[in-house]
Amino acid sequence: MSLLSLMMIRLNKMQIGVAMGIGAAAIAMNFLSCVTIPKGAKAVSPFRKDSYLGKWYEIARMDFKFEKNLDHVTAEYSLNPDGSIRVDNKGYNYVKKQWKQSIGKAKFVKTPDAARLKVSFFGPFYAGYNVIAIDPEYKYAMVAGNNLDYLWLLSREKDIPAAIQTAYLKQAQNLGYDVSKLVWTNQR
């Protein structure tokens, strides 16, 4: 076999290896960016995106490392020029005595008339953001993440009426959430 033939065989093997590596990376990225909704949960539909935009106060959340020790948490949603939604989360870390801000991007999983979104604060990696309850005036909302580890109660005001809180907690419990793990955000 000539030297040229051996070089061509090596080049073809290298191209196949690169193609397989790219394919594996794409599969891994898709897996890591898995966007789901908890079993039994249904996203609000029809959903009025424009009514949801604006400032929301976090009333309660399942605690996780990105919001650890945060009070006075707000989320502000606005439209980006490309049609995606800008997510601006802010909160005060009462241990470090400093404000923390995270800017992200949300996109609809399918169509904007269903409140199933995916949100990213870290490049190409997305997580589920599912509005599963909202009042008719878009003043109070409950948002589920990918699984039962992520849940938020939101309000346009710094508190939430007891009747709505009770209804949302009951709905969350029926889906399997352990609502005793909720952290109630200090908004005062």
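The values are calculated or read from the model by the stated rules, or taken from the named source; none is laboratory data. Remember, it's a predicted structure, so these values are computed and weren't measured experimentally. Cβ sites come from the backbone with ideal geometry, for glycine too, and all protein chains shown count toward neighbours.
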Practice item. Report, by residue number, each residue of the range 52-64 that is assigned to a helix (DSSP H, G or I) and more than 16 Å from the chain's Cα centre (by Cα). Key: none
Check your understanding: For residue 67, which of the numbered conditions (1) of a type in the set (Asp, Glu); (2) under 15 Å from the mean Cα position of the chain (by Cα); (3) more than 23 Å from residue 159 (Cα to Cα) fails to hold?
Key -> (3)
Point to revise | Condition met for residue 78 (within 30 Å of residue 173 (Cβ to Cβ), at pLDDT 75 or above and loosely packed, with under 13 Cβ neighbours inside 10 Å) | key: no
Check your understanding: Taking only pairs six or more apart or across chains, which ones have beta-carbon atoms under 8 Å, a first residue in the range 169-185 that is within 21 Å of residue 74 (Cβ to Cβ) and outside any helix (DSSP H, G or I), and a second residue that is of a type in the set (Phe, Trp, Tyr) and modelled with pLDDT of 95 or more?
Key -> 185/57
Practice item. Scan the range 47-74 and report the pairs whose first residue is surrounded by fewer than 17 Cβ atoms within 10 Å (Cβ to Cβ) and whose second residue is in a helix (DSSP H, G or I) and modelled with pLDDT of 95 or more, with Cβ atoms within less than 8 Å and a gap of 6+ or a chain change. Key: 63/181
Check your understanding: How many residues are touching a helix residue (DSSP H, G or I) at 6+ places or on another chain (Cβ under 6 Å) and crowded, with 17+ Cβ neighbours inside 10 Å if we restrict to the range 170-188?
Key -> 1
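Of all residues being among the aromatic types (Phe, Trp, Tyr) and more than 13 Å from residue 48 (Cβ to Cβ) in the range 109-148, which is modelled with the lowest pLDDT? Just the residue, please.
Among those residues, the one meeting the criterion is 122.
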